[in-house]
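The values are calculated or read from the model by the stated rules, or taken from the named source; none is laboratory data. All values reported here derive from a predicted model rather than from experimental measurement. Please note: Cβ atoms are built from the backbone with ideal geometry, for glycine as well, and neighbour counts cover all protein chains shown. What goes into the accessible areas is simple: the full protein's heavy atoms, side chains included, and nothing from ligands, DNA or RNA. Shrake-Rupley method; radii C 1.70, N 1.55, O 1.52, S 1.80 Å.
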Protein chains: 2
Amino acid sequence: MVVDGLTDDTVDRLFHALADATRRDILRRCVRGELSVSRLAAAYPMTFAAVQKHVTVLERAGLVTKERRGREQLVRTDPDAVGRARRALDELESAWRARVDRMSGLLADDAGRDAGPAAPAPDDRTRKGPDR
Amino acid sequence: MVVDGLTDDTVDRLFHALADATRRDILRRCVRGELSVSRLAAAYPMTFAAVQKHVTVLERAGLVTKERRGREQLVRTDPDAVGRARRALDELESAWRARVDRMSGLLADDAGRDAGPAAPAPDDRTRKGPDR
DNA sequence: CCCATCTACAACCATTTGGTTGTACGTTAG
DNA sequence: CTAACGTACAACCAAATGGTTGTAGATGGG
């Protein structure tokens, strides 16, 4: 399942990184000027190491970049990253809108609707999506 | 951290549900006409129970609704759900754009830039985001 | 009625996650 | 040089995740 140059794994990491309030907060904080990890860590009720891990997750998702300055490591959110998240969402939504539009046509003959599924999902057991 | 009526928990569940290729695939499949869970399960190399769990995750994230028809349970993706995901992303991005714009002003006096952080993150240790 | 189908749910297991502590290493300030 | 700071990383732990099997309750077809 690769659509727009975004691998399944990429999207997995992206959404997984976003699925945590602390990490989302780090993202918000690190756009208002890059912060060192230790300064960041001081803002949360957890250890430096824990925050460090969160930053790593964000980094592997491509949401954030680290840049060393002297002894500290500055974290900055990647502005393009949100774009990538949005594209992943768009990729999902495009399937949406197309089928929904097509469906609205099918909904016209509402009589035969409870005879069976509107679209018989033509031979879908061809082992498509999940490559995990 | 509640901004647009979207709780942290809500957003957590939303993104977590999206952070799995199988679940995203289920979403794509269930917009082209609602499918029963068993029919859905036949499309994946895993047990019915496993797929059932995935559907539950999607349901608790509000991405999908189940509707009983006879002995089968039809799964349909909620069209508004993507909107909610997008809003969550927007909420993140708005912080972005605002600060980035403000930052571009600060970047003008590039001389003093390596003396310290551009924005001193004014008293950020006020215990904001993470309620986990 | 009986049987096959679809669903629900509990119990279990391996792996991952999110957190901790502890140790080691480079860098800067005094 | 030495001490303090910022970081990296390993080891460990509890809880959640993603999967399995097994059992049991509704429902529809013959």
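Amide H contacts for B:Leu35 (H built 1.01 Å from N in the peptide plane; partners 5 or more residues away or on another chain; cut-off under 5 Å): B:Val75.
The accessible-area loss of region B:63-89 on complex formation, taken against its chain alone with a 1.4 Å probe, reaches 50 Å² or more at B:Arg69, B:Val82, B:Arg86, B:Leu89. With label points set 7 Å from Cα along Cα→Cβ, the inter-copy distances at A:Asp9 are 3.5 nm, sorted shortest first. Taking max minus min of the alpha-carbon positions on each principal axis, region A:4-74 gives extents of 37, 26, 21 Å, largest first.
For region B:8-81, the relative contact order comes to 34 percent (Cα pairs under 8 Å, sequence separation of at least 6).
Distance from the alpha carbon centroid of region A:36-66 to that of region B:29-93 works out to 33 angstrom.
Ranked from shortest, the separations from the 7 Å Cα-to-Cβ label point of A:Arg87 to its equivalents in the other copies are 2.7 nm.
The residues of region B:1-97 present an accessible area of 43 Å² per residue when probed at 1.4 Å with all protein chains retained. Using a 1.4 angstrom probe on protein heavy atoms only, the contact between B and A buries about 5700 square angstrom of accessible area, both sides summed.
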